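Read the structure below first, then the notes.
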Amino acid sequence: MPEESAGPSDSEGPRRPTFDGPPLSLEEEIAAAKAEPEPGPSIETVNVAVKDGVNRCPKCGSTDVQLREATGMLVCRFCRHEWTEERVEEEFGLGEGIDQLQGTVIASGAADIQADAADQVTFKCEACGAEVVVDTAHALNARCHWCRHTLSVNQQIPNGAVPDAVLPFQLNKDVAVGKIRDFASKRRLFAHRRFRHEFVPENVLGVYLPYLVVDGRAETEFVGRGEVETKRWTEKHGDDTQTFYAADVFRVSRAVAFTVDDLTMEGSSARADFGNGTTNNIINSILPFDTKNAVKWNASYLVGFTSEKRDRNVSGMEPELEDQLLSIGRSQVHPSLGRFDRGVRWEQEKVTVGGSRWVAMYLPVWLYSYRQASNGMLHYIAVNARTGETMGSIPISQPKLLLAALTVGTVLEGIVGTFLVAAAR
Ligand SMILES: [Zn+2]
Ligand SMILES: [Zn+2]
């Protein structure tokens, strides 16, 4: 087997220490790949300007504060003053130094969840002294039923319900309802008649879903075989014509170092197979979000919305991160494989995560759910409340399906993962 000597230059980069020196044995490579990165420093993201309880308007002191989607800002419903929290990107330096990351850096809102942590948080209302319970699994605000002040959970709590940052809703409910109608009507052929007739805009709910937003520095290596066709001919055997080819087989290796900026990963284990057991994930298909615009935590952004708390820890998500990095690495080296006209099959893949930084974030989604009467299946249409990107599964009309004879199950379209990738040169 010929050795490929002068490969394309994608393995040349300033940050690829594992590729210097004598080659590692396979055992050494596996050991190196398994070695856990050193835990890195934490980043403290508690918003010290707000405390648990009553969030007051900085101008007039009213507590009637909520998000105004049109501006993405908090608005005082009494004096109309608008303000916003700082972007975490600058406030906590989350955009900096990705190529310098060492170990696993975890922001305080992404810290491990304590297994015995309660979801119920009880406050003493500072306005009237009543005790108010907030079920943080679904909401970070509650109304005091004695004095009607809105009480907010602003401190990070050990059950994972308070993230480092929040990306506020920007599309209002009317826009979302329009997007959902458009989505359903464009798929009229497969839309169940009852779905169309029973569409209830009031059931469109604004939900903040938990994500971990990850920056990382990685090196990936791939070893395999590539084939280059040298000859092709046909032979006749009786009535059969057979095509043969000859090819040179090369041992091919590629390595690429790169950084990823704001890779978005599910923070809820239930959402990992959201969408009726299909592996395709409806929520993932409305990515990306403009996570750079996420702001410091302030529970007032959640007034009027529901939320779902994070239940996954960073340590449990590292294998998934490595899979995603390998996939990015594969696509990074792909353009250099053009000469192998019969393709390349990778036999060994390796990723070394030099450093990663994890930030917990709530991302805004308008969600419509619909239960299909015939089989009880739940279907969803989701709208990215920043970009308007809409995706969903729609129940299929069985009689029409027989006519069209195309597919069974759930129509789910256009699943595309999106990454921001900067290749190291
Ligand atoms: Zn005010
Ligand atoms: Zn009260």
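The values are calculated or read from the model by the stated rules, or taken from the named source; none is laboratory data. Values in this document were obtained by computation on a predicted structure and should not be read as measured data. All Cβ positions, glycine included, derive from the backbone under ideal geometry; neighbour counts span all protein chains shown. Quick note on the areas: whole protein, heavy atoms, side chains included, nothing else; ligands and nucleic acids left out. Shrake-Rupley method; radii C 1.70, N 1.55, O 1.52, S 1.80 Å.
For region 123-136, a tally of residues being surrounded by fewer than 15 Cβ atoms within 10 Å (Cβ to Cβ) and within 18 Å of SER307 (Cα to Cα) returns 2. Taking (1) at pLDDT 95 or above; (2) not in a helix (DSSP H, G or I) in turn, MET265 satisfies each apart from (1). All conditions in (1) touching a helix residue (DSSP H, G or I) at 6+ places or on another chain (Cβ under 6 Å); (2) assigned to a helix (DSSP H, G or I); (3) modelled with pLDDT of 95 or more hold for PRO168, with the sole exception of (2). A Cβ distance below 6 Å, combined with a sequence gap of six or more or placement on separate chains, defines the contacts here; from region 318-338, residues that are within 19 Å of TRP358 (Cβ to Cβ) reach residues that are acidic (Asp, Glu) in the pairs LEU326/GLU349. In this structure, ARG357 does not qualify as of a type in the set (Lys, Arg) and within 30 Å of ARG232 (Cβ to Cβ). The set of residues from region 59-106 being near ligand 1 (Cβ under 9 Å from one of its atoms), of a type in the set (A, V, I, L, M, F, W, C) and without any contact (Cβ under 8 Å) to a residue 40 or more places away in the chain comprises CYS60, VAL75, CYS76, PHE78, CYS79.
Residue pairs whose Cβ atoms lie under 9 Å apart, sitting 6 or more positions apart in sequence or on different chains, and linking a residue in region 208-237 that is closer than 30 Å to MET265 by Cβ and open to solvent by 30 Å² or more (accessible area, probe 1.4 Å) to a partner that is modelled with pLDDT of 90 or more and among the β-branched types (Val, Ile, Thr), are ARG217/ILE98; ARG217/THR259; ARG217/VAL260; ARG217/VAL353; GLU221/VAL256; GLU221/VAL351; GLU221/THR352. A residue that is modelled with pLDDT of 90 or more, among the hydrophobic types (A, V, I, L, M, F, W, C) and either more than 21 Å from the chain's Cα centre (by Cα) or open to solvent by 10 Å² or more (accessible area, probe 1.4 Å) (or both) cannot be found anywhere in region 181-199. Is there a residue in region 94-111 that is within 18 Å of HIS149 (Cβ to Cβ) and open to solvent by less than 90 Å² (accessible area, probe 1.4 Å)? No, region 94-111 has no match at all. THR352 falls short on exactly one of the conditions (1) at pLDDT 95 or above; (2) closer than 28 Å to GLU202 by Cα; (3) not in a helix (DSSP H, G or I), and that condition is (2).
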